[in-house]
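A short worksheet on the structure shown next.
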Amino acid sequence: MFEAKEEPTRHRIGVFDSGVGGLTVLRELYRQLPNESILYFADTARLPYGTRSSREIVQFCFEILSWMVQQDVKMVVLACNTSDALALDALRREFNLPILGLILPGARAAVQQGRRIGVIATPATAASNAYRRAILEVEATAQVWQVGCPEFVPLVEQNRVYDPYTAEVAQQYLAPLLQQRIDTLVYGCTHYPHLSPILREILPPHVKLVDPAEHVVSAAAQELDLIGLKNTWSPLPTRFCVSGSPQQFAKLSLQWLGCTPSVEKIQLSTASPSPIPLEPVD
Ligand code: DGL
């Protein structure tokens, strides 16, 4: 397939997540930036990220970014809040290309909706306090409650969205937020919009849902305009790569993509340790 090396506007945008969560960001990219070509990577061999240590997450992100840079991407969108919460700053120091995360655009969107803000996220994202910090930086009068939801990602990846057990678990995770009478709920993990039919049933109708995917893609569009890298040609088909089973990813993602993608298995280089100075966080 022809990929113009000399024409940087035609290079792909790299998008990654641990699994199918990032498809919620991909969906937004298709909607808002239909001319862009995408390289989607899912680190399915190592999911879930949200119960791993900061050290592991930074290392994984470093490996993924190193590979994406070799693939000549022009920008990276971290379609994974956990990676944003724990690795974004380190990645920006290390890699010389635009790298966008979900948390700041999500925080900005949340304060447009309300002041009593609940955030559901992976345990690692919730423990990092990244959403609380970002929201309070934008709007100091907001109140923020964060809940870590360790079971959600495995349930989505096991295709159990409509399993009654998932609804039970969701009730438990949302109960403390409803007790605080939140007016806004942020999907602090990209897997969670896949659960929206379940969550919407539990939440009172006045609670507004914020999907940071929508807002990180608007930020990406602005950034591409600013740096003159928006693609005006027709896009290449999305390249899907995984570290685990391509068949499993293709089968699971069919329901969200509307077609069965062709998926490559790739081996990330784990040979060299991350040169990123790791803080003793755990
Ligand atoms: N979807 C990712 C996030 O937004 C990661 C979930 C996981 O692997 O735990 O945090």
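Nothing in this text is a laboratory measurement; each read-out follows from the coordinates by a stated rule. These numbers were taken from a predicted model, which means no experiment stands behind them. Backbone-built Cβ (ideal geometry, glycine too); neighbour counts: all protein chains shown.
Within segment 61-74, restricting attention to residues that are in contact (Cβ under 8 Å) with a residue 60 or more places away in the chain and part of a helix (DSSP H, G or I), the residue that is nearest to the chain's Cα centre (by Cα) is Ile64.
Within segment 27-59, the set of residues being in a helix (DSSP H, G or I), surrounded by 21 or more Cβ atoms within 10 Å (Cβ to Cβ) and among the acidic types (Asp, Glu) comprises just one member, Glu28.
Among residues of segment 80-96 that are without any contact (Cβ under 8 Å) to a residue 12 or more places away in the chain, those with a beta-carbon under 6 Å from a residue that is more than 12 Å from the ligand (Cβ to nearest atom) and β-branched (Val, Ile, Thr) at least six positions away or on a different chain give the pairs Arg92/Ile99. Do we have Thr190 as outside any helix (DSSP H, G or I), of a type outside the set (Asp, Glu) and under 28 Å from Tyr30 (Cα atoms) here? When the stated conditions are applied, Thr190 passes them.
The single condition from (1) within 10 Å of the ligand (Cβ to nearest atom); (2) at positive phi that Asp72 fails is (1).
With respect to Pro48, is the statement that it is within 15 Å of the ligand (Cβ to nearest atom) and not charged (D, E, K, R) true? So Pro48 passes the test.
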